[in-house]
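**Student:** One structure coming up, written as structure tokens, with questions to follow.
The values are calculated or read from the model by the stated rules, or taken from the named source; none is laboratory data. Keep in mind that what you see is a predicted model, and the values were worked out from it rather than measured. Glycine gets a Cβ as well: all are built from the backbone with ideal geometry, and neighbour counts include every protein chain shown.
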Amino acid sequence: MAEKKILNSKWGEMFFFSFLLILSIFLSFPLNFPEGKPQGRGEFYADKAAYYVYLPATFIYHWDLKKFPEKIDEKTRGFTLHYKNDKLIIKTTCGVALMLTPFFIPTHIISKAFDLEPDGFSPFYQKMMTLPGIVYLILGLFFLRRFLENYLSRKITYITVIFLFAGTNLFFYSMDEGLMSHVYSFFLFSVALFLMKRFLDRGRNSFSTFLWLSLVLSLAILIRPTNIIFLLIFPFLDTKSLKEAGERSLFFLNPQYSLTFLVILFLVFIPQMIYWNYISGSYLYYSYQGEGFTNLKHPMILALWFAPLNGLFLYTPLVLCFITGIFYMIIRRIPNGIFIGLLFLFISYLFSSWLTWFFGGSFGSRPFVEYYSLLALPFAYFLDWIFKWKNVFIQTFSIVMIGMFSYYNLKLACHYNCFPGSIWSWDDYKIYLSDAGIQNFPKETYTYINDFENNTFPDEVPRNFKVVHSLTLSSSLDPAMEFNCKYSKRFDRILDKQPEKALAGIWFRSDDRNETGAFFVCSIEDTGGKTLFYRSVNIDKFAEKRGEWKKAEEVFHFPEWIPPTSTVSFYIWNVRRSSFYVDDMTIKFE
């Protein structure tokens, strides 16, 4: 009884989320600023710098490129200071920056008052900008719990929130990568669901609620334009038939509501349109030049779900429980089950159709993070189903499994590194788990795979999508490039014992009539850089016809006396500086 009173009280709710906020702050700072370790690139890097730079550009430098710190764009690699045209080029939209503004302004005031390098990029700004993601996470979970309470008991909603926090990559994208867009979209989606449910349950008579709902959805679209998909929820939430969904769609298309939404959307987008006009001369502009949904005809759905390269279920296995909850809802004919299932399939298709469907250095499949707000509903039904089981063994097993999934997620998140392998590089995935301290796999054999799809490989190689051997990307060599496709690793990091040989192969294609003159090279160097072993094979001996893909493959035997601390390297040596394509490099060590 005491437990129910605490859960049902506002004080209990306030204590729960206050505790979660304090815990999150406590966990976040060691993740972002570990003691005794270099900060490396800092919080403002790549996409995070792109989302953030609107703020110092507006409030500190007033869009004057000459006032920015020297080479700050090269250091952060998220935007470009185009001095020739006097333009600050930012690929991302300004929605995240708007959400950060209430935190940035006091941060800048404090920085100026205490002379803490008020340049917008100093360590003080980096530390303070870890807070917004945490705050919006807690607020998102708060509104999500309120939304779920319309369907299930308070006990289940609290348990759902806890496991959503600990068991998914929402944890990582709020605690560690809180300047990415996902936690802000999650917050806005949760608020939108809460407001949408309130608006629908009150007979659609609360116009003020609709105004707030329109504002929230407009901000979500500004943060990520693909968030417009979330509008699909409005006609389908809680509907029991297509007829009812159609009637609700017609209701939304009523000018009173549709025009109101469009006006608010336009007002929210005014800052972005001003910026687009600033860089392009047009108020509407597609900033993701060279990127798009290029895989619509051959989506990478299985890889998106199961590949070692950021696969959703492989890095966030708790989502399997969400899917089980969807099936449970469909079987029990619980409203929203079919709709959520179809929406999950649709966004999976859409995300897997993006050019870089694995989304770069993602931890798991990050575009799903914001949709956990809706997927939390079938997960809550799944938990409710478990707690109603009378079989103690099945109930205990399920709870332990969920706990293990959450532990797995937290362990990976705390030891995060960009996955260093190709799409289906299972050996690299085993090493990834071993480095995270999850499971130590014996290294009896190891196969390195480079299909050139993963652009987060440590070796910077050109990517080509016009001529490929497999999937969507390959690499190439040209007269300006002497070496490419270099793979290097210490012997003692490859296998538990000294490797005896390696079967190495790479596919190549030349459209030139002349031979490439290129060599596939294996070399071994000691810790001082001295060459201990060198062998090369001319790839032209494997060619049959120009304009066709052919595999160059050779077995390289290693001398027994090679020290285990030596580094073995494989690469293409373009001696004649020819132009040709390469793809699907594999090296199997035995």
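**Student:** Looking at region 255-279, which of the residues that are in contact with a Phe, Trp or Tyr (Cβ under 9 Å, 6 or more places away or on another chain) and either among the hydroxyl-bearing types (Ser, Thr, Tyr) or exposed (fewer than 14 other Cβ atoms within 10 Å of the Cβ) (or both) is farthest from Ile90 (Cα to Cα)?
**Tutor:** Looking at residues that are in contact with a Phe, Trp or Tyr (Cβ under 9 Å, 6 or more places away or on another chain) and either among the hydroxyl-bearing types (Ser, Thr, Tyr) or exposed (fewer than 14 other Cβ atoms within 10 Å of the Cβ) (or both), I get Gln256.
**Student:** Something else about it: Quickly run through region 558-572 and pick out the residues that are surrounded by 13 or more Cβ atoms within 10 Å (Cβ to Cβ), more than 14 Å from Ala502 (Cα to Cα) and of a type in the set (S, T, N, Q).
**Tutor:** Ser566
**Student:** Are any of the residues in region 543-560 part of a loop (DSSP other than H, G, I, E, B), of a type in the set (Gly, Ala, Ser) and farther than 22 Å from Phe452 by Cβ?
**Tutor:** no
**Student:** Something else: Out of the residues in region 412-442 that are over 22 Å from Ser488 (Cα atoms) and assigned to a helix (DSSP H, G or I), state the one that is modelled with the highest pLDDT.
**Tutor:** That would be Leu412.
**Student:** Quick one: what pairs do we get from region 191-202, first residue assigned by TED's automatic domain parsing to the domain that holds Leu139, second buried (at least 21 other Cβ atoms within 10 Å of the Cβ) and in a loop (DSSP other than H, G, I, E, B), C-beta under 9 Å, 6+ apart or different chains?
**Tutor:** Final answer for the pair search is none.
**Student:** A further question follows. Those residues that are among the aromatic types (Phe, Trp, Tyr) and either over 28 Å from the mean Cα position of the chain (by Cα) or on the phi > 0 side of the Ramachandran plot (or both), I need them from region 349-400; list them, please.
**Tutor:** Those that are among the aromatic types (Phe, Trp, Tyr) and either over 28 Å from the mean Cα position of the chain (by Cα) or on the phi > 0 side of the Ramachandran plot (or both): Phe359, Trp385, Phe387, Trp389, Phe393, Phe397.
**Student:** Let me ask another. Scan Thr396, Thr445 and give me the residue that is surrounded by fewer than 15 Cβ atoms within 10 Å (Cβ to Cβ), β-branched (Val, Ile, Thr) and in contact (Cβ under 8 Å) with a residue 12 or more places away in the chain.
**Tutor:** So the residue among Thr396, Thr445 that is surrounded by fewer than 15 Cβ atoms within 10 Å (Cβ to Cβ), β-branched (Val, Ile, Thr) and in contact (Cβ under 8 Å) with a residue 12 or more places away in the chain is Thr445.
**Student:** For the condition more than 28 Å from Ala220 (Cα to Cα), of a type outside the set (Lys, Arg) and not in a helix (DSSP H, G or I), what is the one hit in Trp385, Trp354, Trp389?
**Tutor:** After applying the criteria, what remains is Trp389.
**Student:** Looking at Val521, is it among the aliphatic types (A, V, I, L, M) and within 16 Å of Arg577 (Cβ to Cβ)?
**Tutor:** Considered against the rule, which asks whether it is among the aliphatic types (A, V, I, L, M) and within 16 Å of Arg577 (Cβ to Cβ), Val521 comes out as yes.
**Student:** Next question. Can you tell me which of Leu170, Leu164 is farther than 24 Å from Asp201 by Cβ, among the hydrophobic types (A, V, I, L, M, F, W, C), crowded, with 22+ Cβ neighbours inside 10 Å and modelled with pLDDT of 95 or more?
**Tutor:** The conditions single out Leu170.
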